[in-house]
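Notes follow the structure.
The values are calculated or read from the model by the stated rules, or taken from the named source; none is laboratory data. None of the values given here were measured: they were computed from a predicted structure. Note that we place each Cβ from the backbone using ideal geometry, even for glycine, and neighbour counts take in every protein chain shown.
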Amino acid sequence: MKLTTKRLGLVAVAGAALSLAACNNKADDATELAADQVEASSDAAADNLEAQADMATGAAAAALEDKADAVEAEGEAKADALEEKADRKVGNP
């Protein structure tokens, strides 16, 4: 079988399409969407706590700020873990 430029081009395009398909599977997309939702939810909760802290004074305000920071950090950690899980599903290190 003679490999012409046209056939070689088709092989290259097919290989690239398969590579992209492997990177964008539905399970990976769903896991990344879940990570985005976790992060957005924790950010909203942290913003709510910070708004409460703005209305409080003294130790109560400081405690609410600390809780807001913890909620945000926990959400980021969970989102990062989900994104890493999605990457492992695709076969990335």
Unmet requirement for K67, which otherwise passes all of (1) touching a helix residue (DSSP H, G or I) at 6+ places or on another chain (Cβ under 7 Å); (2) at pLDDT below 95: (2)
Any hit, region 15-30, residues being assigned to a helix (DSSP H, G or I), more than 19 Å from the chain's Cα centre (by Cα) and modelled with pLDDT of 55 or more: no
Residues of region 44-64 that turn out to be within 25 Å of the chain's Cα centre (by Cα) and of a type in the set (D, E), as a count: 2
